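See structure below.
Values quoted throughout were computed directly from the atomic coordinates according to the rules given, and no laboratory measurement underlies them. Bear in mind that the values here come from a model prediction, so they are computed numbers and not experimental data. Quick reminder, even Gly has a Cβ in these numbers, built from the backbone with ideal geometry, and neighbours come from all protein chains shown.
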DNA sequence: CGACCATTTGATATGGATCAAGCGATGTGG
DNA sequence: CCACATCGCTTGATCCATATCAAATGGTCG
């Protein structure tokens with residue numbers, strides 16, 4: 001009934017699921033998050049952490065991008081969020097992960113011992129506030145996700161594109177780091193519906209699609225009207 | 001295209017939108033949340049706070065129940081959460097509300113100045129941790145909501161019933177404080193689909209419906225299998 | 001009793017899923 | 001360098017779960 005959409009399973013295990021290597025960074029003074037961090041590269045589709053594992057680390061995207069997801073028993077996959085350069089992830093409040101995380105493309109991830117942060121937070125109110133702020137931002141994002149999931153396919157795709165645009169450096173063109181299947185699993189649609197909706201937008205001159213991973217905005221106004 | 005589901009608009013304004021009265025509670029020593037609170041009664045469907053208002057207060061349900069919701073420009077309403085006796089709400093991280101809140105039924109709400117808590121938190125790490133814990137619980141709940149919204153109607157309704165059961169004191173029967181329209185707007189379904197799904201469950205002897213607001217479990221096992 | 005809701009039930013429509021095939025880019029081996 | 005497998009994406013045809021539209025039922029209160 002539902003497609004098994006876990007790309008991972010099509011990929012030879014030892015090649016994809018391991019980080020490429022480890023580069024220790026040590027004690028940085030640049031910012032609070034950087035305490036005792038190590039920058040670790042992950043290959044495309046490599047697992048960063050798994051559902052139900054202990055949340056031993058916090059993560060910050062140095063470059064590349066990351067998806068978090070859950071797979072239901074019947075194989076349906078829901079992507080919880082995409083994290084781009086600069087985003088922090090790996091928090092879900094508790095001390096167990098409730099999502100799994102994978103590299104969307106090859107990426108560099110700053111990995112910080114959670115304990116280091118949490119014990120620091122019990123002394124330093126600024127750290128405590130930072131933890132709270134990150135959690136609150138995550139909550140906000142998740143609430144927006146809920147609002148997205150009750151909308152029509154057009155509204156979801158338009159919302160997604162505008163969202164990615166808002167988070168990316170360039171202005172009138174987005175580079176999508178993830179394949180269509182990831183977008184579909186984030187939006188609660190099928191890959192076919194995502195594709196069709198994009199060509200629909202292209203046909204009505206709202207966007208151009210120079211390549212599958214590049215979306216250029218032609219009429220952002222019209223897209224925004226779809227967003228609500 | 002979409003039904004206007006804002007019950008509020010059908011109700012004479014001055015009668016429904018005001019609290020019934022105010023009873024000051026003063027400085028309690030029972031728990032951290034109770035600092036400088038006042039218990040305020042709200043009538044059924046009365047607004048507790050509005051979308052985009054300053055989040056000046058925090059709220060705790062003393063008795064009754066509360067819904068938070070957003071209304072899209074075209075009238076679609078999404079209910080974000082139901083809060084039952086003992087639950088804290090009115091947090092969404094930032095200092096503006098992103099949802100509105102209404103009394104589902106007549107209820108008593110403990111209202112606490114947010115500033116009192118936040119300034120307290122900047123001195124007291126336990127308070128700070130409590131704020132974080134509440135936000136994290138809210139995040140967890142919202143993530144579960146996302147997972148619910150990608151499922152089939154049967155799975156959503158089954159999940160909702162089991163969820164309400166887990167939160168209610170009684171064991172093999174739930175008293176639903178909210179009308180079908182609220183359930184529909186929480187689950188991202190129509191009222192007709194909710195109703196049909198319930199009778200379907202009744203016909204397959206999973207539940208009994210002695211009255212519209214009472215659901216008795218006959219085969220919880222089978223319901224759980226639908227939940228995933 | 002009769003008005004008013006909330007809920008259920010019935011008939012039909014439809015948006016998006018499913019099933020299936022085609023297409024274009026990338027890479028690989030002969 | 002080209003034939004050809006592979007993969008991600010698009011396009012087409014059909015189906016189905018849920019929405020929509022409409023009406024009946026039931027419960028509550030003046």
Subject >> Peptide-level mean, for A:92-105, of C-beta atoms on other protein chains within 10 Å >> reply: 2
Original post:
Fully extended, how many nm does the chain gain between residue B:74 and residue B:141 (0.36 nm per residue separation, minus their Cα-Cα distance)?
Top reply: 21.5 nm
Original post:
Roughly what would the spin-label model give for residue A:44 and residue B:211, points 7 Å off Cα along C-beta, in nm?
Top reply: 6.1
**OP:** Shielding by partners for A:43-49, please: the mean number of other protein chain Cβ atoms within 10 Å of each residue's Cβ.
**Re:** 0
Original post:
If you wrap region A:84-138's Cα atoms in a convex hull and average its projection over all directions, what's the area in nm²?
Top reply: 4.3
Original post:
How far is the Cα center of region B:100-178 from the Cα center of region A:62-96, in Å?
Top reply: 23
**OP:** Return B:108, A:148 ranked ascending by Cβ neighbour count within 10 Å, so the fewest neighbours appear first.
**Re:** B:108, A:148
**OP:** Taking a label point 7 Å out from Cα toward Cβ, give me the nm distances from residue A:62 to the same spot in the other copies, shortest first, one decimal.
**Re:** 5.5
**OP:** Please give the average number of partner chain Cβ atoms lying within 10 Å of the Cβ of each residue in B:213-223, rounded to a whole number.
**Re:** 0
Subject >> Sorted by Cβ density within 10 Å, fewest first, the residues A:147, A:206 >> reply: A:147, A:206
Original post:
When each copy gets a label point 7 Å from Cα toward the beta-carbon at residue B:224, what are the spacings between them in nm, shortest first?
Top reply: 5.0
Subject >> For residue A:50, inter-copy label distances in nm, listed shortest first [label point 7 Å out on the Cα-Cβ vector] >> reply: 5.1
